[in-house]
1. Quickly run through segment 1-25 and pick out the residues that are surrounded by fewer than 13 Cβ atoms within 10 Å (Cβ to Cβ), free of Cβ contacts under 8 Å to residues at least 24 places away in the same chain and in a helix (DSSP H, G or I).
2. Being charged (D, E, K, R) and in a helix (DSSP H, G or I) is the filter here, so list the residues in segment 26-36 that pass it.
3. Given (1) within 10 Å of the chain's Cα centre (by Cα); (2) closer than 18 Å to ASN83 by Cβ, where does VAL65 come up short, assuming only one miss?
4. Return the residue satisfying two criteria in turn: it lies in segment 37-84 and is assigned to a loop (DSSP other than H, G, I, E, B), open to solvent by 90 Å² or more (accessible area, probe 1.4 Å) and not small (Gly, Ala, Ser), and of such residues it is nearest to ASN15 (Cα to Cα).
5. Which pairs do you get when a residue that is more than 17 Å from GLU76 (Cβ to Cβ), found in segment 46-59, comes within reach of a residue that is surrounded by 14 or more Cβ atoms within 10 Å (Cβ to Cβ), reach meaning Cβ atoms under 6 angstrom, with the pair 6+ apart or on two chains?
6. Would you confirm whether any residue within segment 26-33 is free of Cβ contacts under 8 Å to residues at least 24 places away in the same chain, surrounded by 13 or more Cβ atoms within 10 Å (Cβ to Cβ) and out of contact with any Leu (no Cβ under 8 Å at 6 or more places or on another chain)?
Amino acid sequence: MLHPVLNEDWSDYDNRRIRDGRDRSKFSCEEQWEVDYLVNKLRRYFPSKTDSAIRNAISSCCTTVRAPRPRQEFVECVVRRLNA
């Protein structure tokens, strides 16, 4: 079952990726704005986690989910790490 964060409105993210000429269904660990966007999205679902903890989970998934990283798969990886 998808985490609720994946059912949220991602149109700001999608539109920026499209403007940059990139596939909106992928996540880039190399783009700081994408990491910041995901941190902000996850903050609502994990209020007890610090930004640093969320960034560490993202960083960990950046090494385990190979590029190009499907957004759904990547976010699910991050959520699993935050729930651990």
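The values are calculated or read from the model by the stated rules, or taken from the named source; none is laboratory data. Please read these numbers as outputs of a predicted model, since none were measured by experiment. All Cβ positions, glycine included, derive from the backbone under ideal geometry; neighbour counts span all protein chains shown. Areas reflect the complete protein model, heavy atoms only, side chains present, ligands, DNA and RNA absent. Shrake-Rupley method; radii C 1.70, N 1.55, O 1.52, S 1.80 Å.
1. Matches in segment 1-25: ASN7, SER11, ASN15, ILE18, ARG19.
2. Within segment 26-36, the subset charged (D, E, K, R) is 26, 30-31, 34, 36.
Residues satisfying the conditions are GLU34, ASP36.
3. Failing condition for VAL65: (1).
4. Initially, segment 37-84 is screened for residues assigned to a loop (DSSP other than H, G, I, E, B), giving 44-50, 65-68, 84.
Next, only the ones that are open to solvent by 90 Å² or more (accessible area, probe 1.4 Å) stay: 44, 47-48, 66, 68, 84.
Of the ones still in play, those that are also not small (Gly, Ala, Ser) are 44, 47, 66, 68.
Working: ARG44: 22, PRO47: 27, ARG66: 23, PRO68: 18 Å.
Filtering first and then ranking leaves PRO68.
5. Filtered contacts from segment 46-59: ASP51/VAL39.
6. Initial filter on segment 26-33 (free of Cβ contacts under 8 Å to residues at least 24 places away in the same chain): 30-33.
Narrowing further to those that are surrounded by 13 or more Cβ atoms within 10 Å (Cβ to Cβ): 31.
Then drop every residue that is not out of contact with any Leu (no Cβ under 8 Å at 6 or more places or on another chain), which leaves 31.
Scanning segment 26-33, I find at least one residue that is free of Cβ contacts under 8 Å to residues at least 24 places away in the same chain, surrounded by 13 or more Cβ atoms within 10 Å (Cβ to Cβ) and out of contact with any Leu (no Cβ under 8 Å at 6 or more places or on another chain), so the answer is yes.
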